[in-house]
Amino acid sequence: MRYLIAYATTEGQTEKISKFIGATLSGEGNEVRFHNVSDLSGGLSIPDFDKTIIAGSVHSARHQPDLELFVFANRGSLNELPGLFVSVSLAAAFQDTREEAGEYVDTFLQAASWKPTEIALIAGAVKPGSYDWFEKSALLEGDLADHVNKELQNTREFTDWDVLSRLVSDFAKA
């Protein structure tokens, strides 16, 4: 089976998740091609793949604009193939904000006019060294404030790799 894993990453966690997904699929004997949607060099033909996995992260209540543009521009081909949308956010990590994570996905899919076969809400990470003042303030004062270290000094990964592995394997078998 040939898989396209197209992703957008801001701090690197979604790229790490995409590479993990690729390793999981490759380990099961599949062919995988990665595509960072910010790379506009071309040469990508979505109908050449059997399944697609699109991954992006949420920042300030939105997925990356490059990801939305990529999916919207390729919605015809994407809607013809089995697809998994992996939405990476801190909101997905906690029971009291998980519904919010689902709302981010709904907004994205509506704007991009894409109907993936499956959706995965995956918890991201807090990477303090990559935040500007505004982003730090949003983390410390927003809905996630009760869940993050107030000093924002250490990277903290919330991604559940076992759950992600099972989701990807189940998608591959479907």
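Annotations
- The stretch between Lys19 and Phe72, if pulled fully straight at 0.36 nm per residue, gains 16.8 nm over its current Cα-Cα span.
- Full extension of the chain between Ser45 and Arg156 gives 36.3 nm of extra length, using 0.36 nm per residue less the Cα-Cα distance.
- Whole-angstrom gap from the stretch 1-61 to the stretch 71-87, using each part's C-alpha centre: 12
Every number in this text was worked out from the coordinates using simple rules, so none of it is lab data. What you see is a predicted model; the values in this text were computed from it and never measured.
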